[in-house]
Amino acid sequence: MKSQWNFPTIVWVGENRINELSKACEQLKVIRPLLVTDKDLINLPLIKGIISENKKKIEHLNIFSNFSGNPIGENVEEGVKKFKTNNCDSVIAIGGGSALDVGKAIAFMSVQNRLIWDFEDIGDNWKKAVDTNIPPIIAIPTTAGTGSETGRASAIINKSNGIKKIIFHPKILPSLVILDPLLTIELPPNLTAATGMDALAHNLEAFCAPNFHPMADGIALEGMKLIKNSLLTAYNNGQDIEARQKLLVASSMGSTAFQKGLGAIHSLSHPVNAQHNIHHGLSNAIFMPYVLSFNKSSIEKKILSICDYLGLDKSFENFLSWILDLRTQLEIPHKLSDVIDCSNLDLEKLSLMAFEDPSTEGNPKKISKKDLKLMYENSISGELFK
């Protein structure tokens, strides 16, 4: 049995650690960073304050923000151009998953001589990359969901075909991460819910993935426990710093763990994120019970282990009920049709995209395009698999 295990980078955790950003630059010996944050955040008082404060300490601080949720390849190209034009030597990515993914991709692509799509996470594509002199990345999440700050990939949409691609390279992993819960306290309840369920999906699918990786399993279990103990608290009281901190850490744990694998929750999500601009965490939350019920025969034993660790009554049905109840308390819609008009959905196209998604091979139960179409259909009707 052969495996390759990779674990996270330097992580600074705690309140007000954002005030040490200039110290982080000094530690990494960078002086011309490109600060990457999306256009929806750039004018918020929080981000404006961080930029203003650090412009005093970091003499050559450049800013790129011409992108929003579900970024496309052209956004990365524009960012790379700005990076090179300003002779930047590093990237500071601050924001949600989109900002972190774009920032990481800009740093990575700044030294490449191929198109970004050549590095899709298929086989050994990553070995095609120039892996020397990739600029250091400092990642600072303002949401607790994607865990992109400890991930070795970026999710970028190819505008030509509308497909979300996972761009992978081990050196996309940020050099330093700042997890400051104060950056997340203004996150509204609906985004707290969606991003928290995203983190749960990462930890859950990682634990259920069939590959051998007991280190990832342990991290995923503890990540789920942190989410169980903190998500509803943060949802109901966004100012609860302890709950916010636990969610941030659980999010980073999820992306650390899912190097073991993901599954059909993500396979189903990526196409609707790209084609219909649905928030990734929300789609993961919607698809979760349908995929769990479909996979039951292959994951029941692992689900019992999760129940044991989380202090739930040990049965698959009880775990599924916990998920459904959690979604209800977080006001997550039960059906895909509650979020978008599904009357004219091209399920054949979506199912093919889902089947070709890299996450599919990590599903614990072998699945076909037909299976994925059935999951889409059930998520529209609201009927779980028996």
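The values are calculated or read from the model by the stated rules, or taken from the named source; none is laboratory data. It should be emphasised that the depicted structure is a prediction, and the values quoted were computed from it without experimental measurement. Using ideal geometry, Cβ is built from the backbone for each residue, glycine included, and neighbour counts are taken over all protein chains shown.
Some points to look at:
- Screening His270 on (1) farther than 23 Å from Trp322 by Cβ; (2) surrounded by fewer than 24 Cβ atoms within 10 Å (Cβ to Cβ); (3) not aliphatic (A, V, I, L, M) shows it passes everything except condition (2).
- Criterion violated by Lys164 - all others in (1) modelled with pLDDT under 95; (2) outside any strand (DSSP E or B) satisfied: (2)
- Of all residues in region 329-386, those satisfying the criterion of being of a type in the set (Lys, Arg) and modelled with pLDDT of 95 or more are Lys335, Lys349, Lys365, Lys366, Lys369, Lys370, Lys373.
- Search result, residues across region 273-316 that are of a type in the set (A, V, I, L, M), surrounded by fewer than 17 Cβ atoms within 10 Å (Cβ to Cβ) and outside any helix (DSSP H, G or I): Leu312
- When restricted to residues that are over 17 Å from Lys165 (Cα atoms) and of a type in the set (D, E, K, R), region 128-137 contains 1.
- Exclusive hit being assigned by TED's automatic domain parsing to the domain that holds Pro210, over 23 Å from Arg152 (Cβ atoms) and in contact with a helix residue (DSSP H, G or I) (Cβ under 8 Å, 6 or more places away or on another chain), set Ser315, Ser343: Ser315
- The residues on offer are Asn70, Asn62, and the sole one that is in the same structural domain as Pro141 (by TED's automatic domain parsing), modelled with pLDDT under 95 and touching a Cys at 6+ places or on another chain (Cβ under 8 Å) is Asn62.
- Region 197-215 residues that are in contact (Cβ under 8 Å) with a residue 12 or more places away in the chain, paired with ones that are aromatic (Phe, Trp, Tyr) and in a helix (DSSP H, G or I) (beta carbon under 7 Å, 6 or more apart): His202/Phe258; Glu205/Phe258; Ala206/Phe258
For every residue, the table says whether it meets (1) assigned to a helix (DSSP H, G or I); (2) farther than 18 Å from Ser269 by Cβ.
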position	(1), (2)
Phe319	yes, yes
Trp322	yes, yes
Asp325	yes, yes
His334	no, no
Leu345	no, no
Ser359	yes, no
Lys366	no, yes
Met375	yes, no
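- Test: residue in region 237-251 that is farther than 20 Å from Glu15 by Cα, in a helix (DSSP H, G or I) and at pLDDT 95 or above: no
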